[in-house]
Amino acid sequence: MKKTKYFVVLFILVSIFILLTISSYAKTISQDLSNNFFRLHILANSDSDTDQALKLKVRDNIIEYMNTISYDGLSKNEAIKLTSQNLDTFQKIAENTIQKEGYSYPVSLEIGNFYFPTKEYGNISLPSGYYDALKIEIGQANGKNWWCSLFPPLCFVDISSGVIDKESEQELKDNLTEEEFAIITSSSDTVKFKFKLIEVFSE
């Protein structure tokens, strides 16, 4: 009887230890990913075809301008600072794009830390969690959203190809650990399992 109780207590303790270890691992990876990305998040007025097309035009013009003011070796903090310094310009670009297309939707821009569900971008998947981002809301902002990463600079990648180019891949490798890079880019069953753990425990 004593042996049975001993093994039950041991099993419980080992289970708790494993759970705490997994939780710590998942939260560490989630926090590191959050700390290493600065995202661009654009929400359309509605899900109508015209509003969704308008969202993409705003996206293209915002990214085009960001591309002109960015420079090699830009860090995440520098990317946020650069975006903050040009927030009024981004506002005007969005407003002018909307007006040019014949609409009068108001535009709201904000830099902050926002919750994102799991998102895929080509062959990149980011687990759900809180990330620093530039959020742009068009009109009622009730439509499907679009996102990319201003840092590392994945916004300038052609998503139609389904993969990031070598330069952007190197940017990711330079800013992430080998484990983190594998988690967001690999499709192996082991990595998928780790990805799911991160999603569960980051909630």
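Annotations for the structure displayed:
- Likely footprinting exposure, ILE80, ILE12, fewest C-beta neighbours within 10 Å first: ILE12, ILE80
- Unsatisfied cross-links (Cα-Cα over 23 Å) in the set LYS119/LYS173; LYS27/LYS81; LYS27/LYS166; LYS144/LYS166; LYS92/LYS119; LYS57/LYS119: LYS27/LYS81; LYS27/LYS166; LYS144/LYS166; LYS92/LYS119
- Extended-chain gain in nm, criterion 0.36 nm per residue less alpha-carbon gap, SER108 and LYS92: 4.7 nm
- For the peptides 179-185, 135-141, the ranking by mean Cβ contacts within 10 Å, running from highest to lowest, is 135-141, 179-185.
- Packing rank of 110-118, 169-177, where each peptide gets the mean count of other beta carbons within 10 Å, highest leading: 169-177, 110-118
- Label zone (LYS81, point 7 Å along Cα-to-C-beta; backbone nitrogen cut-off 13 Å) within the stretch 59-75: 74-75.
- Calculated from backbone phi, Karplus (6.51, -1.76, 1.60) coupling profile of the stretch 62-71 in Hz, x at Gly/Pro: 5, 5, 4, 5, 4, 5, 6, 9, 6, 8
Quick note: the coordinates plus some simple rules give every number you see, no bench work behind them. Note that the structure is a prediction, hence the values are computed from the model and not measured. In this analysis, Cβ positions are derived from the backbone assuming ideal geometry, glycine residues included, and neighbour counts consider all displayed protein chains.
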